[in-house]
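The values are calculated or read from the model by the stated rules, or taken from the named source; none is laboratory data. This structure is a prediction, so every number in the text was calculated from the model and none was measured. Cβ: placed from backbone, ideal geometry, glycine included. Neighbour counts: every protein chain shown. The accessibility values were calculated without ligands, DNA or RNA, using every heavy atom of the protein model including side chains. Shrake-Rupley method; radii C 1.70, N 1.55, O 1.52, S 1.80 Å.
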Amino acid sequence: MTTTDTTPAEQTAPIVPSFGDDETDRKLAIICSKGNLDMAYPGLILGNAALGEGIETHLFFTFWGFDMIMKSRMHDLQFSPAGNAAMHLPGSDRHMPQALAPAMTGMATKMLKKQIADLGVPEVPDFLDQIVAAGGHLWACRLSADMMKIAEEDLRDDVEAIISAADFIEKTEGAQLLFI
């Protein structure tokens, strides 16, 4: 069929990516690069939702995302309103006295954790437990681990391995990729 043989609707139809004929062929790869409390949840929520739909799901933790999977840090993720334009607060963090910043972070973290708990959303370590129990895969970035001198024993026991970016790309061939 040539262009002149198509209707206007056929010519302007949106291009929809194909993820395979069978829903079970789908894969989702999420790169978790941030470890502050408010940035930990998007990847976990999306990964959990994908697993609920039967989609093979891989989470790759890099740079500050390691805070989510490090035994020493995963229970103490923080949320800081300082310098966060999305908070819609007047002024900026440069107007906040340095002595107030830790108190503001503590208060904001406590408030955010309460809001999350009130919605019935688990804390980050528990959420990762659920993701692994549902068949999700957790991977740690080799370059980040080497840069920060992190060993496998520093990580959650359910992190499958510390792997290179190339290994992650190989494992998630054909996956939809999200960078958070």
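Summary table below
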| read-out | value |
| --- | --- |
| From the options I150, I131, residue that is among the β-branched types (V, I, T), in a helix (DSSP H, G or I) and at pLDDT 95 or above | I131 |
| Qualifying residue in the range 137-144 (condition: assigned to a loop (DSSP other than H, G, I, E, B) and surrounded by fewer than 16 Cβ atoms within 10 Å (Cβ to Cβ)) | no |
| Test result for L178, within 15 Å of N48 (Cα to Cα), touching a residue at least 60 places away in the same chain (Cβ under 8 Å) and either among the acidic types (D, E) or crowded, with 19+ Cβ neighbours inside 10 Å (or both) | no |
| Filter result (within 16 Å of F66 (Cα to Cα) and within 15 Å of the chain's Cα centre (by Cα)) within the range 127-149 | F127, L128, D129, H137, L138, W139, A140, C141 |
| Checklist (1) at pLDDT below 60; (2) open to solvent by less than 80 Å² (accessible area, probe 1.4 Å); (3) not in a helix (DSSP H, G or I) applied to A9, failing item | (3) |
| Qualifying positions in the range 153-166 - free of Cβ contacts under 8 Å to residues at least 24 places away in the same chain, open to solvent by 50 Å² or more (accessible area, probe 1.4 Å) and not in a loop (DSSP other than H, G, I, E, B) | E153, E160, A166 |
